[in-house]
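Report on the following structure.
The values are calculated or read from the model by the stated rules, or taken from the named source; none is laboratory data. On a predicted model such as this, the values are computed, not experimentally measured, just so you know. No Cβ is skipped: glycine too gets one built from the backbone with ideal geometry, and neighbour counts run over all protein chains shown. All accessible areas refer to the heavy atoms of the entire protein, side chains included, with ligands and DNA or RNA removed. Shrake-Rupley method; radii C 1.70, N 1.55, O 1.52, S 1.80 Å.
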Amino acid sequence: MNAHTNTTTHMNTTADPNTTDPAPSAAAAVAPLAPVARIALVGDRSPHVKSHVRIPLLLDALAERDGLVLDAYWIPSPDAAAPGAVRGFDAVWLLPGSPYASEAGALAAIRTAREDGIPFLGTCAGFQHALLEFARNVCGLERAAHAENDPAADAADLLLAPLSCSLVGHEGTVRVVPGSLAEAVLGAERTTERYHCDYGPDGRHLDTLTTHGLRFTGADEDGQVRIAELPGHPFFLATLFQPELAGDGSRPHPIVRAFARAATERAVNRPVAR
């Protein structure tokens, strides 16, 4: 079943990227000759999660202001655990709203995007689980745990732990590493961002993630990691802050725009089905 949420795009409740809406949306009038990128919004959709409510506004703004038309499908985390659930999409966005109903589903979506070269954006809990997936499946830290998902985990295994100071409702400065994807996207080495989280990386395992190829390219004024990316991937960016909460939603954050462009580029190069 398709659910129209606005005049610019629609968010489908099915995980099938080949599902089409019987009534063409106004998106076709925005860029009729450009391929429409199909993105998977992975998370447990709720009207009580502000970032989820923002998504339709951002999709409208991306189409109207930037000509980036995205066909968005919402995939609940349990559904994302199915084999190939996000394969075939042009991009995957793992959204806030933890604890997810299915940690396994969130991690499966990340792994598919990472291994298949699908543009990926993880924000807030998406950032946390991107680190968790990499630790377990690339670094061999099979017992790496998230304290929110596994509060009984041994302290030595915690990759994501409660923050000493909650970042719920916090706004703070992030310093970005020169020459990184984050800097290229933001166009600056310093930015002010909004948070809504209580968990962040425990520093003891970060060197291991770095050794295996994950790059940490943004930190707060105290040096705490806030951005991660994967060099060599078409687009793999994760932020502990929530760029979708920037402003009033009428001007998409540069990270959201860059993600949409990466999705559109993949759609342009998508093999034609025969």
*List the pairs whose first member sits in the stretch 102-116 and is closer than 13 Å to residue 138 by Cβ, whose second member is modelled with pLDDT of 95 or more and among the acidic types (Asp, Glu), and whose Cβ atoms are under 6 Å apart, counting only residues at least 6 apart or on separate chains?*
107/133; 110/133; 111/133
*Out of the residues in the stretch 210-261 that are assigned to a helix (DSSP H, G or I) and over 19 Å from the mean Cα position of the chain (by Cα), state the one that is surrounded by the most Cβ atoms within 10 Å (Cβ to Cβ).*
210
*Hey, can you tell me all the residues within the stretch 216-274 that are in contact with a helix residue (DSSP H, G or I) (Cβ under 7 Å, 6 or more places away or on another chain) and among the hydroxyl-bearing types (Ser, Thr, Tyr)?*
217, 239, 250
*All positions within the stretch 262-273 that are surrounded by 24 or more Cβ atoms within 10 Å (Cβ to Cβ) and either of a type in the set (Ser, Thr, Tyr) or outside any helix (DSSP H, G or I) (or both)*: 264
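Say whether the condition of being touching a Ser or Thr at 6+ places or on another chain (Cβ under 7 Å), at pLDDT below 95, assigned to a loop (DSSP other than H, G, I, E, B) and open to solvent by 20 Å² or more (accessible area, probe 1.4 Å) is met by at least one residue in the stretch 195-208.
Restricting attention to the stretch 195-208, the residues satisfying the condition of being touching a Ser or Thr at 6+ places or on another chain (Cβ under 7 Å) are 198.
Subset that is at pLDDT below 95: 198.
Imposing the further condition that a residue be assigned to a loop (DSSP other than H, G, I, E, B) reduces the set to 198.
Still in the list and also open to solvent by 20 Å² or more (accessible area, probe 1.4 Å): 198.
Taking every residue of the stretch 195-208 in turn, at least one turns out to be touching a Ser or Thr at 6+ places or on another chain (Cβ under 7 Å), at pLDDT below 95, assigned to a loop (DSSP other than H, G, I, E, B) and open to solvent by 20 Å² or more (accessible area, probe 1.4 Å).
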_Criterion (closer than 16 Å to residue 130 by Cβ and out of contact with any Pro (no Cβ under 8 Å at 6 or more places or on another chain)) met by exactly one of 145, 152, 184_ = 145
_Going residue by residue through the stretch 192-213, is there one that turns out to be more than 28 Å from residue 136 (Cβ to Cβ) and touching a helix residue (DSSP H, G or I) at 6+ places or on another chain (Cβ under 6 Å)?_
yes
*Do we find that residue 54 is open to solvent by 50 Å² or more (accessible area, probe 1.4 Å) and touching a residue at least 12 places away in the same chain (Cβ under 8 Å) in this structure?*
no
